[in-house]
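Just so it is clear, none of the values below were taken in a lab; they were calculated from the coordinates. As the structure is a computational prediction, the values presented were derived from the model and not from experiment. Using ideal geometry, Cβ is built from the backbone for each residue, glycine included, and neighbour counts are taken over all protein chains shown.
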Amino acid sequence: ASAPPTSVGDHSFRSLVRGPGRARDSVRSVLYSVGFRGDAIENPALELAQYLKRKLRSGIERTDRADVWMDLVTRFGSAEDRRQHVADYHAAVNEAFGGELADCEEGVPILPPPPSLRWAPAFGGDPLGADFTKAHGLSARDLAVVSRVLCTLSSTTCRDDCPPLPDVVAILTHELPEAFVFSAARQLLDSGDLLEWDPHAAPQARSGVVRPPLPTTRRVIENSVLAAFAQVAALRCRSVALHLEKLGSRIDEICRSWFHRLFVGTLPYQTAVHVFDCFLLEGAKVLFRVGIALLQRHQRALLACKTADEAVLVLKTRAQGEHCAGLMAHAFGLRNFKHETILKLQRKDLRVPTRLSLPPHEEGTHRSASSFFVPKLIDSRRELLATLDIDSRRQLWAQLPPSERAKDGVLVYCSLAHGTSLRTLYEMCETSGADTRGAIVIVRTLEGVSVFGGYSSAGVRNSRGEPYGTGESFLFACSESDSFVGPAVRAYGWSKQNCLFAHGDSSYWAMGGGRSGGYGLWFDDELYRGSSARCETFELSESLHAEGKEHFRCLVVEVWMLR
């Protein structure tokens, strides 16, 4: 990859001295970038902070936005941290894409056209697709940048629970170079300054966003924030709250997307970016202000609604037509809006015992494809092309159990190289250790060139017909869609109706089964004939075959061991 850049336009990384003066120096540099020259004031710290808040609330020029964002984010780390992030990003991109893609631009590998969001992690939010692209007005190049940054963030931070992150990365992409987008997002994640909001920890950098000291899930904390917003709305928009409750709707559910996406897709895009400017400085309180302002400004229209669906539609339509200056003036004109009040309401909600405990782990439940890992597929013979393309491979790895996602795939068996024999497959799996550890079985059929398979949490072996494995096992099917959005790999997890995860003997190997007599995936002893049908073990309602065929002939069968 190319050498990491060191500046954005006239903005260079400032060496901030750690200590009491560091925040003041950072704030001063932000103000200089927006035109403040207050060197003569006697108490600069307070004046600088107040001027900066007023400037961001009233709006900054787009030409100043890159400098302001960089300085605001720099509050959470030193210049050395940022340089290291940029260097790490170039190394990660080079490792992830450099060996797979031939085209390069300025030394950084780019995605093959058309750019794809199919395998980009959503970090716990809604899957990224055409609506996401349209909301941000992303060009093909911007789309590729967002995809690369999100994948690298997931791989380097092991985070999959920050729904606002994709929108934050897309917003930053419009103003910052790619490596700086990664660095800014990484620094915000490391500081806990994106929707962590644990009220039991000390606030950081005036934003009120804090790291959770308790073993409380992010979803529990998020629910406490939404509950706090609902209580604030009940106080400041009482008539609207009572009317929506009468219609069977809840304010915390209506506003969930506001907090998940920082109002992207709800407000006009430039207004959402203005909200983001203020959010970087003031944190969660800005989202509360804007949300309350929306409810108050459209109170009359909401009270006239006869159904909950109508209320949601009215609020969505009117929010899209909001004028930025009017909405922001209303939001920041709200009096007695203190962050301490929000924290107090959160603590009250978290004191409920059921909300403090971790939800029980349920094996086999639906896994969100929000984590990303670029797997290395190791073929010691170097004779084969992987059955799965790069797109499908990354999505498949995102479906694996968290403990397996950071492992590479080692080719244990391939029918093209080792012969079509189930006995040989068993022997090679036993020799390599793939008979007891997680393994992926992939088949490509002769009919329709369909690709599908399964993940066996306990490997592939001759169990003499006895079932083995755990609820982490699942089946999957790959689509050959040419669209640049939408899922390419569909996973079918455990249905909890029985435990026939995997089983086999000298005459067959299969995954799934049940009273219906069908197998989710089945091969004969020659690995030539197979079948796939609805089964009770997995949430599979039809054959894995792309054309819905129950019986098929195998072109290639592969077993990949995770290591």
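For the reader, a short list of remarks on this structure follows.
- Our summary gives the range 487-563 a relative contact order of 24 percent, counting only alpha carbon pairs under 8 angstrom and 6 or more residues apart.
- Burial ranking of peptide ranges 299-311, 60-72, 551-563 (average Cβ count within 10 Å, highest at the top): 551-563, 60-72, 299-311
- When each of the peptides 337-347, 394-404 is scored by the mean number of other C-beta atoms lying within 10 Å of its residues, the order from highest to lowest reads 394-404, 337-347.
- Between C535 and L540, the built amide H atoms are under 5 Å apart, and every one of these is 5 or more places off in sequence or on another chain.
- Estimated FRET transfer efficiency when R0 is 35 angstrom, pair A329-A301 (beta carbons, to 0.05): 0.95
- You can think of it this way: the chain between R515 and T431 has 26.8 nm of extra reach, that is 0.36 nm per residue less the Cα-Cα gap.
- Note on E547 and S139: the extension gain reaches 143.5 nm, defined as 0.36 nm multiplied by sequence separation minus the Cα-Cα distance.
- Order by protection proxy (mean Cβ within 10 Å, highest first), peptides 430-437, 180-187, 521-528: 180-187, 521-528, 430-437
- Spin-label pair N498/D190, simplified geometry with 7 Å Cα→Cβ offset, distance in nm: 5.2 nm
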